[in-house]
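Note sheet for the following structure.
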Amino acid sequence: SKMCPGRVLCKLPCSGEKEVDLAVQSAKAAFKIWSQMSGMERCRVMLEAARIIREQREEIATMETINNGKSIFEARVDIDISWQCLEYYAGLAGSLAGEHIQLPGGSFGYTRREPLGVCVGIGAWNYPFQIACWKSGPALACGNAMVFKPSPFTPISVVRLAEIFTEAGVPKGLFNVVQGGAATGQLLCQHPDVSKISFTGSVPTGMKIMEMAAKGIKPVTLELGGKSPLIIFSDADLENAVKGALMANFLTQGEVCCNGTRVFVERKILDTFTKEVVKRTQKIKIGDPLLEDTRMGALINRPHLNRVQGFIKQAKEQGAEVLCGGDLYVPDDPKLKNGYYMRPCVLGNCKDDMTCVKEEIFGPVMAILPFDTEEEVLERANATKFGLAGGVFTRDIQKAHRVVAALKAGMCFINNYNVSPVELPFGGYKSSGFGRENGRAAIEYYSQLKTVCVEMGDVESVF
């Protein structure tokens, strides 16, 4: 479990047509058994899976850190959210029900909430284990099977989840993992026995997936990127607002889709806020993610690190000012000297039309933008093709609710940021996608309604 940059952890063959078909067929067979079980029976198995994850929290978190490069401190939080998610949907499994509707003359109708069949989950590399739980939790609770493809950059921890499900007693093959990149994903989307696709990743890939799904009239859930606004009013609790801004930008090395990377600060407090944010950002401990006191680990890979660096270079060329960080970081430990580390970056003097303000960087880069009025900041906050998240810091309760009501975003935060309780739905507006994960809302996206109409008298015939 030693951290060593660029070291090959394992070699995984990409799943081709044959493997994908085997995975789908095996999931289809398991679905027959699982979908016939009662919600309470499914509940018990899922609770057992949650228990195993909770019990093995430390080793799964370590595996996730090696898998992704995030700090062990954060990985533990991810694993906790994961077992909580399975526990939450286990609890819902037994309560899934339809309605009974009375019709004239003693006739009646009823609805049944039925599973879709074999669902496909395609994960991103920033929260590999957690995303797999967010997708499999509601899918399995509703009685579906799932074939999951993790990102080729983080292939490992999801395999552990598959083993845990089997250990907990789900039918063999109910949660299958296939490995590979775009080609494997394409085979999954186009497989005739797949009923639904849930994808977390970039907007361009999301478009392709929706297009492929359209050929088979398959429903999709898309959790895509963002360029979310975080609005700090001068009446905010400054200490909290600063902490919120750090949470909104630097978790998982900034590789978070709902990050509040456009930090709009009311001009009155611009200097005080900026100074404090820069001071705190410079104190963030970077290095070996397996060490307890590390707060920021390594970015996912070399090309991504280079891409983030390119954004910072371009920001400077367009007139933004690097207030701190943005450079490569070389840890003292000689084993880590070639790691994909960089110092978290704060950009000042930003304008709305700069590339660093318009495009998702997906790295530890915060852009600070001054504003004067509520009306103006809302217009600027909404002037983006994205709509995943948004946040507001203020002590004025009416203003807080007024602002979030006006934000065109699916996930809004008041006086906090980047907290994702599994009880609450998560998902975007506009190009950030549609469908919801978590909460009761996800049940809608992993089940379908059947209506049954029952006649208790003679058929009314027009013939």
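The values are calculated or read from the model by the stated rules, or taken from the named source; none is laboratory data. Small disclaimer: the values here were computed from a predicted structure and weren't measured. Neighbour counts are summed over all protein chains in view; Cβ atoms, including those assigned to glycine, are modelled from backbone coordinates with ideal geometry. With ligands, DNA and RNA removed, areas are computed over all heavy atoms of the protein, side chains included. Shrake-Rupley method; radii C 1.70, N 1.55, O 1.52, S 1.80 Å.
When you scan region 26-145 for strands (runs of 3 or more DSSP E) that lie fully inside it, which ones turn up with 3 or more residues that are open to solvent by less than 10 Å² (accessible area, probe 1.4 Å)?
Working: elements: 100-102, 108-115, 118-122.
Counting at least 3 such residues, we get 118-122.
Have a look at E41, E74, E64, E17 and point out the one that is charged (D, E, K, R), over 30 Å from C189 (Cβ atoms) and in contact (Cβ under 8 Å) with a residue 60 or more places away in the chain. Reasoning before the result, please.
On the way: E41 fails: in contact (Cβ under 8 Å) with a residue 60 or more places away in the chain; E64 fails: over 30 Å from C189 (Cβ atoms); E17 fails: over 30 Å from C189 (Cβ atoms).
Sole residue among the options that is charged (D, E, K, R), over 30 Å from C189 (Cβ atoms) and in contact (Cβ under 8 Å) with a residue 60 or more places away in the chain: E74.
Give region 114-131 a look and list any residue that's more than 20 Å from L22 (Cα to Cα), of a type in the set (A, V, I, L, M, F, W, C) and in contact with a strand residue (DSSP E or B) (Cβ under 9 Å, 6 or more places away or on another chain), or say none.
Of everything in region 114-131, those that are more than 20 Å from L22 (Cα to Cα), of a type in the set (A, V, I, L, M, F, W, C) and in contact with a strand residue (DSSP E or B) (Cβ under 9 Å, 6 or more places away or on another chain) turn out to be A124, I131.
Considering each of L246, L238, L188 in turn, give the residue that is closer than 19 Å to N126 by Cα and of a type outside the set (V, I, T). Explain how you work it out, then say what you get.
Values: L238 fails: closer than 19 Å to N126 by Cα; L188 fails: closer than 19 Å to N126 by Cα.
Just a single option satisfies the conditions, and that option is L246.
Against the conditions (1) open to solvent by 10 Å² or more (accessible area, probe 1.4 Å); (2) closer than 28 Å to A145 by Cβ; (3) among the β-branched types (V, I, T), where does T221 fall short? Just the number, please.
Evaluating T221 over (1) open to solvent by 10 Å² or more (accessible area, probe 1.4 Å); (2) closer than 28 Å to A145 by Cβ; (3) among the β-branched types (V, I, T) leaves (1) as the failure.
When the residues of region 179-218 are filtered to those that are of a type in the set (S, T, N, Q) and closer than 30 Å to A248 by Cα, which remaining residue is least open to solvent (accessible area, probe 1.4 Å)?
Going through region 179-218, the residues of a type in the set (S, T, N, Q) turn out to be 179, 184, 186, 190, 195, 198, 200, 202, 205.
If we keep only those that are closer than 30 Å to A248 by Cα too, we end up with 198, 200, 202, 205.
On the way: S198: 0, T200: 15, S202: 51, T205: 55 Å².
In this case the residue turns out to be S198.
With the structure loaded, tell me whether V322 is buried (at least 21 other Cβ atoms within 10 Å of the Cβ), in contact with a Cys (Cβ under 7 Å, 6 or more places away or on another chain) and part of a strand (DSSP E or B) or whether it fails that test. It would help to see each step written out before you state the result.
Details: buried (at least 21 other Cβ atoms within 10 Å of the Cβ): no; in contact with a Cys (Cβ under 7 Å, 6 or more places away or on another chain): yes; part of a strand (DSSP E or B): yes.
Considered against the rule, which asks whether it is buried (at least 21 other Cβ atoms within 10 Å of the Cβ), in contact with a Cys (Cβ under 7 Å, 6 or more places away or on another chain) and part of a strand (DSSP E or B), V322 comes out as no.
Please determine whether any residue of region 290-306 is without any contact (Cβ under 8 Å) to a residue 60 or more places away in the chain, of a type in the set (K, R) and surrounded by 13 or more Cβ atoms within 10 Å (Cβ to Cβ).
Restricting attention to region 290-306, the residues satisfying the condition of being without any contact (Cβ under 8 Å) to a residue 60 or more places away in the chain are 293, 303-306.
Checking the rest, the ones that are also of a type in the set (K, R) come to none.
No - not one qualifying residue is present in region 290-306.
Criterion first (of a type in the set (A, V, I, L, M), within 27 Å of L47 (Cα to Cα) and open to solvent by 10 Å² or more (accessible area, probe 1.4 Å)) does A162 satisfy it? Reasoning before the result, please.
Values: of a type in the set (A, V, I, L, M): yes; within 27 Å of L47 (Cα to Cα): yes; open to solvent by 10 Å² or more (accessible area, probe 1.4 Å): yes.
Considered against the rule, which asks whether it is of a type in the set (A, V, I, L, M), within 27 Å of L47 (Cα to Cα) and open to solvent by 10 Å² or more (accessible area, probe 1.4 Å), A162 comes out as yes.
Which of the residues spanning region 1-13 are under 26 Å from H191 (Cα atoms) and either at pLDDT 95 or above or surrounded by fewer than 13 Cβ atoms within 10 Å (Cβ to Cβ) (or both)? Quick ask: steps written out before the conclusion?
Kept after step one, since they are under 26 Å from H191 (Cα atoms), are these residues of region 1-13: 11-13.
Residues satisfying the conditions are K11, P13.
So, in region 198-253, how many residues would count as being outside the structural domain of M342 (by the TED database), among the basic types (K, R) and in a helix (DSSP H, G or I)?
2
For region 390-409, give me each residue that is open to solvent by less than 50 Å² (accessible area, probe 1.4 Å) and free of Cβ contacts under 8 Å to residues at least 24 places away in the same chain. Please lay out each step first, then the result.
Of the residues in region 390-409, the ones open to solvent by less than 50 Å² (accessible area, probe 1.4 Å) are 390-394, 399-400, 403-404, 406-407, 409.
A400, V404 - these are the residues of region 390-409 that are open to solvent by less than 50 Å² (accessible area, probe 1.4 Å) and free of Cβ contacts under 8 Å to residues at least 24 places away in the same chain.
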